[in-house]
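The values are calculated or read from the model by the stated rules, or taken from the named source; none is laboratory data. Values in this document were obtained by computation on a predicted structure and should not be read as measured data. A quick note on method: Cβ atoms are made from the backbone with ideal geometry, for glycine too, and the neighbour counts reach across all protein chains shown. In case anyone asks, the SASA skips ligands and DNA or RNA and just uses the protein heavy atoms, side chains included. Shrake-Rupley method; radii C 1.70, N 1.55, O 1.52, S 1.80 Å.
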Amino acid sequence: VSGVALLSFGIYLMVNFRIAALTPSLASLNIPSMLLISGIIITCVSFLGFLGALKENRCLLLTVSLSHTTQTHTRVS
């Protein structure tokens, strides 16, 4: 649910507002783009977890577990 919320909020900001870029050298990297990319990633990982739990597929559940572990380690450091 949170992935879809980030995705929709990013689309809303892209459509209705012109927000300046975070850095001049990366003109396409702005807040709505980052929200959009984060929403897509979170939604995909959540769907893989749902599908892995539904089908009891070890490979999908391992992929979701590894992605959560990777996200946790990148936030800490």
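Please give the FRET efficiency for R18 paired with K55, using the beta carbon to beta carbon distance and R0 = 35 Å, rounded to the nearest 0.05.
That gives a FRET efficiency of 0.20.
For I42, what accessible surface area do you get with a 1.4 Å probe? Give it in Å², rounded to 10.
The value for I42 is about 60 Å².
May I ask you to derive the FRET efficiency for H68 and A5 from their Cβ-Cβ distance with R0 = 22 Å, giving the value to the nearest 0.05?
That pair, H68 with A5, gives E of 0.75.
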